[in-house]
Amino acid sequence: ELVQQAPAGIYEFDLERRRFTSVNHVMCEYTGYTEAEFLELDPRELLTGESRKAFERFLEEVDSGHLNPKAVEYTIRGKNGRELIVLVNIRFLAVEGRPNRIMAVAHDITAVKETEAAKKQLEAKLQETQKLESLGTLAGGMAHDFNNLLMGIQGNASLALLGIDSDHPLHRRLKNIETYVQQGVDLTRQLLGLARGGKYEGR
């Protein structure tokens, strides 16, 4: 009765026959199988790719005499295709000193793992946002410095224009400098806009 009412999946597994020998109703609820269906299952049918490989390695270790009762996470696929992540704690049961059965307790930790994954994604997005903010600050600083440089060029070009006539050969070139400086100022304004939040005003 305690096993059936326990708030976790519990089952026994025969190491020699490689078959389940008992299961409680919580484990059946996890997987969607009836007790009779569950006891007929090959454990590999429940496990997904990587978990199946981990289980195979576990059996090989047991056969070689290496008994490691540490908790293991497995991803299982239920009868309806729904996948769960379970944390399985095991205890070896022996006959004449040789382990022949396992008593296992499985806890559904799917929600916990999903929360951890969501937290990691949020942390990654936060780090990316911080990087973008740092780049924005850097771009803003560079834009200000570049703008100051352009103003210096503009000032010198304007002073040079005051000293020559409009028909002077250098007049057109100095006016071109002023035009290029204005285009540079417009680009600087765009950079500053991006640094402040991703928008800028066009020319």
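Miscellaneous remarks
- Number of the condition not met by residue 89 [criteria: (1) within 19 Å of residue 50 (Cβ to Cβ); (2) in contact with a strand residue (DSSP E or B) (Cβ under 9 Å, 6 or more places away or on another chain)]: (1)
- Residue under evaluation residue 122, criteria (1) open to solvent by less than 80 Å² (accessible area, probe 1.4 Å); (2) outside any strand (DSSP E or B), criterion not met: (1)
- The lone criterion from (1) touching a residue at least 24 places away in the same chain (Cβ under 8 Å); (2) exposed (fewer than 15 other Cβ atoms within 10 Å of the Cβ); (3) hydrophobic (A, V, I, L, M, F, W, C) left unmet by residue 46 is number (2).
- Where residue 41 falls short, out of the listed (1) more than 15 Å from residue 88 (Cα to Cα); (2) in contact with a helix residue (DSSP H, G or I) (Cβ under 8 Å, 6 or more places away or on another chain); (3) open to solvent by less than 70 Å² (accessible area, probe 1.4 Å): (2)
- Among the residues here, residue 52 does not qualify as within 29 Å of the chain's Cα centre (by Cα), basic (Lys, Arg) and open to solvent by less than 80 Å² (accessible area, probe 1.4 Å).
- Of all the listed residues (21, 75, 34), the sole one being within 18 Å of residue 4 (Cβ to Cβ), of a type in the set (Val, Ile, Thr) and without any contact (Cβ under 8 Å) to a residue 60 or more places away in the chain is 34.
- Residue count for the range 165-186 satisfying the condition of being of a type in the set (A, V, I, L, M, F, W, C) and either open to solvent by less than 40 Å² (accessible area, probe 1.4 Å) or touching a residue at least 60 places away in the same chain (Cβ under 8 Å) (or both): 3.
- Residue 26 modelled with pLDDT under 90, of a type in the set (A, V, I, L, M, F, W, C) and assigned to a helix (DSSP H, G or I): no
- The condition (being among the hydroxyl-bearing types (Ser, Thr, Tyr), within 51 Å of the chain's Cα centre (by Cα), at pLDDT below 80 and in a helix (DSSP H, G or I)) is satisfied by just one residue among 137, 179: 137.
- Test result for residue 143, part of a helix (DSSP H, G or I), open to solvent by less than 100 Å² (accessible area, probe 1.4 Å) and among the small types (Gly, Ala, Ser): yes
- Of all residues making up the range 65-106, the number that are in a loop (DSSP other than H, G, I, E, B), exposed (fewer than 13 other Cβ atoms within 10 Å of the Cβ) and under 28 Å from the mean Cα position of the chain (by Cα): 5
- Pair list, Cβ < 6 Å and 6+ apart or interchain, from the range 1-18 residues that are more than 16 Å from residue 59 (Cβ to Cβ) and free of Cβ contacts under 8 Å to residues at least 60 places away in the same chain to residues that are assigned to a loop (DSSP other than H, G, I, E, B) and aliphatic (A, V, I, L, M): none
The values are calculated or read from the model by the stated rules, or taken from the named source; none is laboratory data. For clarity, every value in this text was computed on a predicted model and none was experimentally measured. Counting neighbours? That spans all protein chains shown, and the Cβs are built from the backbone with ideal geometry, glycine included. Just so you know, the surface numbers come from the protein's heavy atoms only, side chains and all, with ligands and any DNA or RNA stripped out. Shrake-Rupley method; radii C 1.70, N 1.55, O 1.52, S 1.80 Å.
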